Amino acid sequence: MFYRFFMVLCALGLAGGISGVAMAGPPACQGGYSPKFVISGEVQDSTTYDEESLGALPHSIENVTFLTKTGPQSGSFQGVLLWDLLNKAGIKSDPTRDGQFQYVEVTGTDCYQVVLALGEINPGFGGEQVLVADGENGAPLGSDTGFARLIVPGDKFGGRDAFWITTIKVLSGPRPDKSE
């Protein structure tokens, strides 16, 4: 009996030590300005963009209004369509993929993540004009949002508008079962 009690205490102590090691160091999600972002995942060419390289691409303008807890906010955002950036990187697609769908995961320096189905932004399906914006109302974005932010114009609230973008990944996952 004492041996079993001793082993449980040792295991708990070891687990506490391991979790203490995992907790050491600065948090990975501190937020703040990001000078670049990477497009990766199921693409032919992983690509890194900074202010200059994103600014050199053809831009679109989206006028959006979304609701906030302080009332409606409106802006005219300039940027590159997310679909165009993904096509430039070369989306890998497998037509024999059974039970899988592709989606885009956008992550900021604060670890805030936004997920969009690839079909939402594909011009042949949903056609949403989602922007990776680098300007608002004719001026570059400020340090409080990063050089690039995601703008999802069709949303009533700005919940999928992500600041301080660090990664944009194309991924595949199981198709949600509609019967559940």
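The values are calculated or read from the model by the stated rules, or taken from the named source; none is laboratory data. Small disclaimer: the values here were computed from a predicted structure and weren't measured. Positions of Cβ are generated from backbone atoms using ideal geometry, with glycine treated the same way; all protein chains shown enter the neighbour counts.
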Seminar exercise, completed: The condition of being among the aliphatic types (A, V, I, L, M), within 17 Å of LYS169 (Cβ to Cβ) and crowded, with 17+ Cβ neighbours inside 10 Å holds, among ALA89, ALA28, only for ALA89
Exercise. Can we say LEU141 is touching an Asp or Glu at 6+ places or on another chain (Cβ under 7 Å) and either of a type in the set (A, V, I, L, M, F, W, C) or under 20 Å from SER40 (Cα atoms) (or both)?
Worked result: yes
Problem set entry | Residue satisfying condition, being closer than 19 Å to SER53 by Cα and among the small types (Gly, Ala, Ser), within set GLY146, GLY158, GLY127, GLY173 | GLY146
Seminar exercise, completed: Picked from region 92-117 (must be exposed (fewer than 13 other Cβ atoms within 10 Å of the Cβ) and among the hydroxyl-bearing types (Ser, Thr, Tyr)), the residue nearest to the chain's Cα centre (by Cα) is SER93
Seminar exercise, completed: Subset of region 155-178, residues over 12 Å from the mean Cα position of the chain (by Cα) and closer than 19 Å to ILE39 by Cα, comes to SER172, GLY173
Exercise. Which condition breaks for GLY127 when tested against (1) in contact (Cβ under 8 Å) with a residue 12 or more places away in the chain; (2) on the phi > 0 side of the Ramachandran plot; (3) surrounded by fewer than 14 Cβ atoms within 10 Å (Cβ to Cβ)?
Worked result: (1)
Problem set entry | Residue tally, condition within 11 Å of SER60 (Cβ to Cβ) and either under 12 Å from the mean Cα position of the chain (by Cα) or outside any strand (DSSP E or B) (or both), over region 132-154 | 3
Problem set entry | Index of the failed condition, ALA56 passing every other in (1) exposed (fewer than 10 other Cβ atoms within 10 Å of the Cβ); (2) of a type outside the set (Phe, Trp, Tyr); (3) more than 21 Å from the chain's Cα centre (by Cα) | (1)
Problem set entry | Residues that are buried (at least 16 other Cβ atoms within 10 Å of the Cβ) and either touching a His at 6+ places or on another chain (Cβ under 8 Å) or free of Cβ contacts under 8 Å to residues at least 60 places away in the same chain (or both), drawn from region 39-49 | THR47
For this session: All but one of (1) in contact (Cβ under 8 Å) with a residue 40 or more places away in the chain; (2) closer than 19 Å to PRO123 by Cβ; (3) within 17 Å of the chain's Cα centre (by Cα) hold for ASP84, so report the exception by its number.
Result: (1)
Problem set entry | First in region 50-77 and over 14 Å from GLY135 (Cβ atoms), second anywhere and assigned to a loop (DSSP other than H, G, I, E, B), Cβ under 7 Å, 6 or more apart | ASP50/PRO35; PHE66/ASP155; PHE66/LYS156; PHE66/GLY158; LEU67/LYS156; THR68/GLY158
Problem set entry | In region 48-74, the residues that are of a type outside the set (A, V, I, L, M, F, W, C) and in contact with a Ser or Thr (Cβ under 8 Å, 6 or more places away or on another chain) | GLU62, ASN63, THR65, PRO72, GLN73, SER74
Exercise. Given (1) surrounded by fewer than 17 Cβ atoms within 10 Å (Cβ to Cβ); (2) at pLDDT below 90; (3) under 24 Å from SER46 (Cβ atoms), where does GLY146 come up short, assuming only one miss?
Worked result: (1)
